[in-house]
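*Asks:* A single structure is presented below for examination.
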Amino acid sequence: MAYLAVLGASRGRLAGFSAVLGVTLGLALLGIAVGLGGGSLVLNNRVVFESLRWADALYLCWLAFDSCREARQPIETGQLDQFHLVHFRRGLITNLLNPKAALFFIAVLPEFIQRPVPSTRELAILVSIYVGSPRSCMGFIVALASRLQTLFAAPQRREMAGNIFAILLIAIAAWLFASGGR
């Protein structure tokens, strides 16, 4: 949520909504994977779980570095399609590597699906409900934060926001490194 707010405020609504679409697709893919049995692979294989946790923490470190670097660059006006694809991809990868989102699906989804394999319709409805709710909230956050974009038009403010966001990402990554999967 913080990423989307900072992105919306510093780079605008379209960049923020591109990231929301990536996050949404990532959530949907996680839900489908868990619904089709992928959750047991994560729960029953410590190496897979730890690999996801470490990959997520390392990706957050990379995002922190990239946030500092990007905050020092002027806001692009050309190549908007490529620019928004970058934010879509970041949202997608962040959620695919998000162990918290995967664990939510692992904990909740099996309680609502028929065993041993859910119907496609049943799985689609449950995943859509879960994905639709946060997507609306994320869209609202981006729309609200994008109203602050003029505040971040000044390079010094954009750089400060990027640095603060990078510190937050490093703190979350450090927590993931230190948590030991707890």
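Read-outs throughout are calculated quantities, based only on the coordinates presented, and are distinct from any laboratory measurement. Computed from a prediction, not measured in an experiment: that's the story for all the values here. Glycine gets a Cβ as well: all are built from the backbone with ideal geometry, and neighbour counts include every protein chain shown.
*Asks:* Could you check which residue among Arg53, Arg147, Arg90 shows the biggest mean-square fluctuation in a GNM of the chain with a 10 Å Cα cutoff?
*Replies:* For the chain, modelled as a Gaussian network with Cα springs under 10 Å, the answer is Arg147.
*Asks:* Continuing with this model, one more query. Could you list Ile125, Ile32, Ile141 so that the one with the fewest beta carbons within 10 Å of its beta carbon is first and the one with the most is last? If you can, show how the numbers build up before the last one.
*Replies:* Working: Ile125 13, Ile32 16, Ile141 20.
In increasing order of surrounding Cβ atoms, one gets Ile125, Ile32, Ile141.
*Asks:* What residue among Asn44, Asn98, Asn163 shows peak mean-square fluctuation when the chain is described by a Gaussian network model with Cα springs under 10 Å?
*Replies:* Comparing Asn44, Asn98, Asn163 in the GNM, the peak value goes to Asn44.
*Asks:* A further question on this structure: With volume of the Cα convex hull per residue in Å³ defined as stated, name the option among (1) 104; (2) 151; (3) 134 computed from the structure displayed.
*Replies:* (1)
*Asks:* Under the Karplus relation 6.51 cos²θ - 1.76 cosθ + 1.60, θ = phi - 60°, what is the ordered set of whole-Hz ³J(HN,Hα) values for region 85-90, x standing for Gly and Pro?
*Replies:* After applying 6.51 cos²θ - 1.76 cosθ + 1.60, I find 5, 4, 5, 4, 4, 4 Hz.
*Asks:* A further question follows. Residue by residue through region 51-65, what is 3J(HN,Hα) from phi via Karplus (6.51 cos²θ - 1.76 cosθ + 1.60, θ = phi - 60°)? Round to whole Hz and write x for glycine and proline.
*Replies:* Ordered by residue, 3J(HN,Hα) equals 4, 5, 4, 5, 4, 5, 5, 5, 5, 4, 4, 5, 4, 4, 4 Hz.
*Asks:* I need Met1, Met138 ordered by Cβ neighbour count within 10 Å, fewest first. Show your work: numbers first, answer last.
*Replies:* On the way: Met1 12, Met138 24.
Placing the least packed residue first, the sequence is Met1, Met138.
*Asks:* Please rank Tyr3, Tyr59, fewest neighbouring Cβ atoms within 10 Å first, as an exposure proxy.
*Replies:* By the 10 Å Cβ count, ascending, the order reads Tyr59, Tyr3.
*Asks:* When the chain is treated as a GNM, springs tying every alpha-carbon pair under 10 Å, which of Leu27, Leu41, Leu126 comes out with the largest mean-square fluctuation?
*Replies:* Leu41
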